[in-house]
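Data first, discussion second: the structure below is written as structure tokens.
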Amino acid sequence: MWRTFQQFMAMCVLGAGFIAVEVAQAIEAKYISESHKNLLMVANSTLMNEQKQSSKTLGKRLTQANAPIQVIDIQLNRTTAGLDIILDAGGRPFPAATSSVLGNAIVIDIPDVTLTLPTKEFQSVNPAEGIALITVTSQATGIRMTITGSESPPTVDLTVAQGLVVSVMPQIASEPLQEEIQIVVTGEQEGSRYFATDATTATRTETPLRDIPQSIQVIPQTVLEDQQVLRLDEAVRNTAGVIAGNQRAGDTETFTIRGFNNSAILRDGFRQFTFGGIQETANLEQIEILRGSASILYGAAEPGGVINLVTKQPLSEPFYEIEGLVGSYGLIEPRIDLSGPLTADGNLLYRLNALYRRADSFRDFDQEFERYFIAPTVSWQISDQTNLTVELEYLDNTQPYDRGLAVLNGEVVDVPYSRIFHEPDDFIQTDEFRMGYQLEHRFSDHWSIRHAFRYANTDLFLRAVDLDSVDAETEQINRSFRNFNIYEEAYDAQANVVGNFSTGSLEHELLAGIDFRRRYEDLDLKQAFDPPLAPPAISIFNPEYGYSRPDAADVPVLFNGQTQIEQWGFYLQDLIAVTDNVKLLLGGRYDVVDQTSFSDDTADQQNQGAFSPRVGIVYQPIEPLSFYASFSQSFSPNFALAADGALLAPERGTQFEIGAKAELFDNRLIATLALYNLTKSNVAVSDPNNSSFSVALGEQRSRGVELNVIGEILAGWNAIASYSYIDAEITESFDDIPEGGRPPNVPQHSASLWTTYEIQSGDLQGLGFGLGLFFVGDRFSNEANTINLDRYLRTDAAIYYQRDNWNLALNFKNIFNVEYIRSGLGELQINPGEPFTVIGSVRVQF
């Protein structure tokens with residue numbers, strides 16, 4: 001039945017892809033007149049010297065990618081008519097460009113050209129009268145220039161003179177729109193604000209999404225802005241199969257992907273902390289979610305997938321953005337985002353993101369959250385071939401210690417979701433510091449080398465009352481007192497070589513690399529379970545507070561020790577163009593891991609080595625449609641500790657995946673459908689007898705279907721939607737956790753939809769609306785499947801207005817005030833979701 005279902009879904013995707021292509025062609029035939037096509041040919045005739053033949057073979061496209069035309073500088077010169085935009089490619093001729101009109105903007109696409117500026121994009125705000133914004137960005141097939149007029153689309157003229165010169169002449173609203181600027185696009189149209197064509201997480205190279213034989217989704221910065229995302233879980237809920245996992249007491253964020261918990265969170269390709277894993281989203285450019293095994297590139301990674309947070313990089317033009325947020329429960333958050341050149345020649349650039357956040361909890365006693373965050377980045381263009389980027393991040397976070405609600409007789413207790421069972425002054429203090437650099441050198445158009453280093457440490461301290469067990473007879477919760485000091489530091493180094501070359505008719509993109517990670521953790525855990533130091537039990541339905549904490553020196557030691565992990569990884573990957581529509585991805589990695597745990601006078605050590613392969617193939621019957629299949633394995637040293645201080649055995653995973661990807665509506669919308677089968681052994685779960693430690697399951701299996709759609713449906717109408725079906729099961733276990741159960745926090749069904757529409761013209765131009773629906777099905781809070789967490793549907797909305805460089809917004813979250821559980825673990829860690837909240841924001845760019 002499973003095989004039949006797979007075949008049926010594959011045929012459905014193929015049919016849907018062909019139907020979508022036929023619809024898009026029909027729309028194009030209806031709206032693109034022959035006169036416009038002729039006009040475009042005339043406008044671009046001076047640029048056709050390098051485009052006498054338009055071969056669509058993949059070999060030719062990859063050959064162009066191997067020796068691309070590189071834009072090394074962009075200059076703006078004012079003229080009497082308006083503005084000249086000069087793109088400098090070192091004297092090399094430009095290929096033919098295509099243009100289109102969208103609202104007040106002219107969009108120019110230049111194929112087979114790359115940006116080699118110190119930043120990913122060029123941007124200039126209000127460069128001349130009548131011109132509101134100019135941006136130049138990289139696309140999968142070239143670069144895109146967008147010129148936005150203040151009142152109406154400008155007129156443009158393309159000429160070649162010491163580079164490509166785009167002459168821009170603004171129009172005022174009273175002038176009729178000239179027919180000659182109604183240039184019809186023959187290549188890609190203006191992309192959606194939500195659409196991304198490539199990502200680096202899956203291959204560590206800039207690879208188009210349609211060429212990756214694995215499910216990957218990019219959540220761009222615009223989605224984070226439109227939804228006013230303050231926490232990482234608010235962002236990843238937009239994508240299929242990613243569910244918020246164990247939060248412990250609020251001091252960390254974990255996620256379940258494809259049914260497997262504790263999926264790795266990367267920041268610019270580096271793995272984040274195990275303890276104190278708080279992620280700030282203010283300096284994120286986009287979030288890339290790779291489903292399935294990523295061990296070949298990142299070593300210690302769960303087979304369900306990884307979440308890579310891509311940070312903002314310095315810009316070559318001055319950029320100053322100030323934003324202020326106010327909202328429910330006393331939220332106050334000023335933030336800044338500044339960037340630009342530090343030197344006259346533009347070789348030294350900077351970017352600075354910083355914020356202060358203060359808010360009260362919706363839980364009882366208005367417990368306070370406070371955060372300071374600063375992230376400076378400097379980029380140095382040492383030469384035309386060499387670039388160095390140095391980054392730093394610091395986060396200081398204080399918040400309540402809060403495990404949430406409890407379970408009584410198999411049900412979440414029927415009390416207000418604001419009730420706490422700790423003490424009002426319990427807290428967690430977390431300090432995180434990261435610094436590192438990225439160095440890249442291009443030997444030629446075909447070969448480059450990259451090296452990156454990251455140092456990070458986190459210091460977590462908590463003094464709080466913890467929840468131990470529920471007494472069903474007395475309807476009370478037994479409690480203990482915790483005094484925890486946790487220090488963790490990590491050193492990461494990565495180096496790889498990327499090369500493009502040919503062997504006969506085969507085109508290769510080769511990646512070879514080595515990485516090293518050293519992680520050290522020092523645990524000083526004290527906990528009092530018995531009176532007189534322990535707090536008294538608390539009534540679930542009539543709680544009383546007022547416990548006095550004992551001195552830290554008097555609290556018994558629960559665990560005092562250190563763990564250290566050193567991991568070396570060696571990997572090789574080759575993306576091969578076999579024919580014009582077939583690509584093959586081959587890769588393998590060998591890991592060597594040395595783990596040591598010290599506790600008092602005892603030590604536990606284990607050494608492991610493992611090979612993790614990956615094989616994938618992509619077939620494109622037509623350019624906008626890709627079918628793929630892949631096989632991969634994962635290896636991950638277990639960071640969890642058993643109650644006796646021993647290290648758990650490493651985890652191993654195996655995945656088979658097939659799927660389809662379609663780029664629809666002239667590459668404005670991308671859809672991905674995936675079917676997978678995953679197994680994993682030695683799965684670390686919370687110890688049923690001691691939640692501070694872990695035990696290892698025998699084996700867990702997960703298989704399912706995922707659908708992700710993101711992009712632009714019509715001009716101004718953007719959407720991101722997902723659906724996931726997960727059939728997850730514990731297939732091998734032990735007495736306390738029986739076989740056949742579903743893992744915690746894994747719903748069979750989940751779905752999401754977020755859509756926005758912005759008025760494109762008229763007096764209300766710039767006014768936009770957003771609506772979001774987020775559904776999570778029934779889950780269990782424990783491996784024994786005796787505690788059920790009900791399904792929920794949360795509804796969000798937004799209204800915003802943007803004009804010139806101003807943006808005003810109101811975001812309404814959980815507008816129907818639905819009571820729901822975000823995540824649960826056991827009977828004493830049931831995390832309720834936030835009630836109805838409102839966030840208002842004002843953002844201005846200079």
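The values are calculated or read from the model by the stated rules, or taken from the named source; none is laboratory data. Worth saying up front: this structure is predicted, and the values here are computed from it rather than measured. Note: ideal-geometry Cβ built from the backbone for every residue, glycine included; neighbour counts use all protein chains shown.
Looking at (1) without any contact (Cβ under 8 Å) to a residue 24 or more places away in the chain; (2) assigned to a loop (DSSP other than H, G, I, E, B), find the lone condition where Asn782 falls short.
Answer for Asn782: the failing condition is (1).
State whether one or more residues within region 213-220 are assigned to a loop (DSSP other than H, G, I, E, B), modelled with pLDDT under 70 and either within 17 Å of Ala671 (Cα to Cα) or within 13 Å of the chain's Cα centre (by Cα) (or both). Reasoning before the result, please.
Here is the first cut: in region 213-220, the ones assigned to a loop (DSSP other than H, G, I, E, B) are 213-215.
Of the ones still in play, those that are also modelled with pLDDT under 70 are none.
The answer is no, given that none of the residues of region 213-220 is assigned to a loop (DSSP other than H, G, I, E, B), modelled with pLDDT under 70 and either within 17 Å of Ala671 (Cα to Cα) or within 13 Å of the chain's Cα centre (by Cα) (or both).
Criterion first (outside any loop (DSSP other than H, G, I, E, B) and within 13 Å of the chain's Cα centre (by Cα)) does Ile296 satisfy it?
Working: outside any loop (DSSP other than H, G, I, E, B): yes; within 13 Å of the chain's Cα centre (by Cα): no.
When the stated conditions are applied, Ile296 does not pass them.
Quick check, is Leu664 of a type in the set (A, V, I, L, M), in contact with a helix residue (DSSP H, G or I) (Cβ under 7 Å, 6 or more places away or on another chain) and modelled with pLDDT of 90 or more?
So Leu664 fails the test.
Scan region 301-326 residue by residue and report those that are over 19 Å from Val218 (Cα atoms) and either basic (Lys, Arg) or in a strand (DSSP E or B) (or both).
Once the filter is applied, which keeps residues that are over 19 Å from Val218 (Cα atoms) and either basic (Lys, Arg) or in a strand (DSSP E or B) (or both), region 301-326 yields Phe319, Tyr320, Glu321, Ile322, Glu323, Gly324, Leu325, Val326.
Looking at region 737-753, I want the residues that are in contact (Cβ under 8 Å) with a residue 12 or more places away in the chain and have a partner that is among the aromatic types (Phe, Trp, Tyr) and buried (at least 19 other Cβ atoms within 10 Å of the Cβ) with Cβ atoms under 7 Å, at least 6 apart or on another chain. Which pairs are those?
Every condition considered, the pairs that remain are Arg742/Phe780; Pro744/Phe780; Ser752/Phe774.
Condition test on Gly513, is it surrounded by 17 or more Cβ atoms within 10 Å (Cβ to Cβ), of a type outside the set (Ser, Thr, Tyr), within 25 Å of the chain's Cα centre (by Cα) and at pLDDT 95 or above? Quick ask: steps written out before the conclusion?
Values: surrounded by 17 or more Cβ atoms within 10 Å (Cβ to Cβ): yes; of a type outside the set (Ser, Thr, Tyr): yes; within 25 Å of the chain's Cα centre (by Cα): yes; at pLDDT 95 or above: no.
So Gly513 fails the test.
Of everything in region 522-547, what is in a strand (DSSP E or B) and not hydroxyl-bearing (Ser, Thr, Tyr)? Give them in sequence order. Lay out the reasoning, then the answer.
Taking region 522-547 and keeping what is in a strand (DSSP E or B), we get 522-528, 538-539.
Result: Asp522, Leu523, Asp524, Leu525, Lys526, Gln527, Ala528, Ile538.
So which residues in region 422-451 are outside any strand (DSSP E or B), crowded, with 19+ Cβ neighbours inside 10 Å and either out of contact with any strand residue (DSSP E or B) (no Cβ under 8 Å at 6 or more places or on another chain) or at pLDDT 95 or above (or both), if there are any at all?
Within region 422-451, the first condition is being outside any strand (DSSP E or B), and the residues that meet it are 422-426, 443-446.
Filter again for crowded, with 19+ Cβ neighbours inside 10 Å, leaving 422-423, 426.
Residues satisfying the conditions do not exist here.
Across region 749-776, what is the number of residues that are touching a strand residue (DSSP E or B) at 6+ places or on another chain (Cβ under 6 Å) and either polar (S, T, N, Q) or closer than 19 Å to Val407 by Cα (or both)?
Total satisfying the criteria: 4.
Select, from Gly250, Gly324, Gly305, Gly330, the only residue that is in contact with a Ser or Thr (Cβ under 9 Å, 6 or more places away or on another chain) and at positive phi. Lay out the reasoning, then the answer.
On the way: Gly250 fails: in contact with a Ser or Thr (Cβ under 9 Å, 6 or more places away or on another chain); Gly324 fails: at positive phi; Gly330 fails: in contact with a Ser or Thr (Cβ under 9 Å, 6 or more places away or on another chain).
Of Gly250, Gly324, Gly305, Gly330, the one residue that is in contact with a Ser or Thr (Cβ under 9 Å, 6 or more places away or on another chain) and at positive phi is Gly305.
Residues Ala553, Ala577: which one is farther than 21 Å from Thr205 by Cα and either assigned to a strand (DSSP E or B) or free of Cβ contacts under 8 Å to residues at least 40 places away in the same chain (or both)?
Working: Ala577 fails: farther than 21 Å from Thr205 by Cα.
After ruling out the rest, the residue left standing is Ala553.
With the condition kept exactly as written, say whether any residue in region 478-496 is surrounded by fewer than 21 Cβ atoms within 10 Å (Cβ to Cβ), out of contact with any Leu (no Cβ under 9 Å at 6 or more places or on another chain) and within 30 Å of Glu827 (Cα to Cα).
no
Quick one: what pairs do we get from region 317-346, first residue touching a residue at least 12 places away in the same chain (Cβ under 8 Å) and surrounded by 14 or more Cβ atoms within 10 Å (Cβ to Cβ), second not in a strand (DSSP E or B) and not hydroxyl-bearing (Ser, Thr, Tyr), C-beta under 7 Å, 6+ apart or different chains?
Tyr320/Phe846; Tyr329/Phe362; Arg335/Ala282; Ser339/Pro314; Ser339/Leu315; Gly340/Leu315; Gly340/Glu317; Gly340/Pro318
Which condition from (1) assigned to a strand (DSSP E or B); (2) in contact (Cβ under 8 Å) with a residue 40 or more places away in the chain; (3) loosely packed, with under 15 Cβ neighbours inside 10 Å is the one that Asn560 breaks?
(3)
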